[in-house]
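Have a look at the structure below before the remarks.
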Amino acid sequence: MASLNVYSVLVVLFLTCGAVLATKENDQIIQENNCETKMGLPCALEAFTSIFNTGSISNKCCSEIVVLGKVCHSALVKRTLENPLFKDLIPATIIGKSIQTWNNCLTLIDSPSPSA
């Protein structure tokens, strides 16, 4: 029984340290890549609503997401998920919506525009 308690403490300690390391890693990525300065506030809000709630994202904001880059996009989403305000969200669902938004924007930006 005592070994079960020790094991439980070690698992909790491992998970807690892992969460702290993940936070530092995302913060470091965001800081090193100046992620927070690459996208305007209106598009950041539009992307946030599209990923964390429901909504669409405009072509203009898709362009800003692609310029932001996949590394920044992913790190910002993961850091937001680490915020206690979003603890009730299902991370796999949000990350899936984030990847879908990224792929949709990338396709939209890479596809040739129709001729007038």
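The values are calculated or read from the model by the stated rules, or taken from the named source; none is laboratory data. Keep in mind that what you see is a predicted model, and the values were worked out from it rather than measured. FYI the Cβ positions are ideal-geometry reconstructions off the backbone, even for glycines, and counts take in every protein chain you see.
Here is the figure for the range 71-116: residues that are within 17 Å of CYS61 (Cβ to Cβ) and modelled with pLDDT under 90 total 5. Just give me the residues in the range 58-72 being out of contact with any Gly (no Cβ under 7 Å at 6 or more places or on another chain) and not hydrophobic (A, V, I, L, M, F, W, C), in sequence order. Once the filter is applied, which keeps residues that are out of contact with any Gly (no Cβ under 7 Å at 6 or more places or on another chain) and not hydrophobic (A, V, I, L, M, F, W, C), the range 58-72 yields SER58, ASN59, LYS60, SER63, GLY69, LYS70.
The set of residues in the range 1-60 being modelled with pLDDT of 90 or more and aromatic (Phe, Trp, Tyr) consists of PHE48, PHE52.
In summary, helices (runs of 4 or more DSSP H) completely within the range 30-116 and bearing 3 or more residues that are out of contact with any Cys (no Cβ under 8 Å at 6 or more places or on another chain), without any contact (Cβ under 8 Å) to a residue 40 or more places away in the chain and loosely packed, with under 14 Cβ neighbours inside 10 Å occur at 41-52, 91-110. The residues of the range 52-67 that are closer than 17 Å to ILE109 by Cβ and under 13 Å from the mean Cα position of the chain (by Cα) amount to a single one, ILE65.
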